[in-house]
Amino acid sequence: MSIATFVFLGIFAALFLYAVTMFNNFVRLKNNVAQAWSNIDVLLKQRHDELPKLVDACRQYMQHERGVLERVTQARAAVHSAREAGDVGSLGAAETELRAGLSRLFAVAENYPELRANENFQHLQDRISQLEAQIADRREFYNDIVNANNTRIEQFPDNVIATLFRFEEKPLLHFKEEEIKDVNVKALFNS
């Protein structure tokens, strides 16, 4: 064999190894996005299971606050539907509504000393607050992974492999403006 053949085979082998490496990186990114979503999903499910207990604990004390309890229940159902469908866009909107409902519920609970003193309520409030913090952390991680995936899919020459093997961009988990702005605690107590 000639030197030109060896050079050609060497270049072909290098390009082949580069393409395999890119493909494997895309597979890793795709699986990381799926895992990040799964982590959010687990926490959403745990919170979904805790919310009816919280509403039941509050219902005994908050006879005049039906609207607050119904808002939390409806928002819980919307989050569940979006989560089941894997609809990231709808999930962001439903999460905003649920967080607003929970904020209002916890604010209204301040008007009920017996409820605040209830050990079950305190436990559920702490548990849901912990889950909220974990969900926020996981959402940030999910968006970081999705951003890495989407950036890689758009970059040349990676976009050639991405298109060839049909790797797709994933949606970021966006939130409404109300969820990311500072909370007006005074308004929560007055509404």
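No value in this document is a laboratory result; all are computed from the given coordinates. No experiment lies behind these values; they were computed from the predicted model shown. A quick note on method: Cβ atoms are made from the backbone with ideal geometry, for glycine too, and the neighbour counts reach across all protein chains shown.
Please rank ASP49, ASP41, fewest neighbouring Cβ atoms within 10 Å first, as an exposure proxy. Numbers along the way, then the final one.
Working: ASP49 10, ASP41 15.
Listed from fewest to most nearby Cβ atoms, that is ASP49, ASP41.
Ordered by the count of other Cβ atoms within 10 Å of each Cβ, fewest first, ILE11, ILE3, ILE145 give ILE3, ILE11, ILE145. Take every pair of alpha-carbon atoms less than 8 Å apart whose residues are at least six positions apart; their mean separation over the length of segment 3-190 yields a relative contact order of 31 percent. Across every direction, the projection of the convex hull enclosing the Cα atoms of the chain has a mean area of 13.5 nm². Of the GluC sites (Glu not before Pro) found in segment 46-119, those that fall in a DSSP loop while having at most 16 other beta-carbon atoms within 10 Å are GLU110.
Among all stretches of the chain without exposed trypsin sites (Lys or Arg not before Pro) (DSSP loop, at most 13 other Cβ atoms within 10 Å), which one is longest? By the stated rule (loop sites, at most 13 other Cβ atoms within 10 Å), 1-165. Taking the fewest neighbouring Cβ atoms within 10 Å as the starting point, the ordered list for PHE167, PHE8, PHE26, PHE141 is PHE8, PHE141, PHE26, PHE167.
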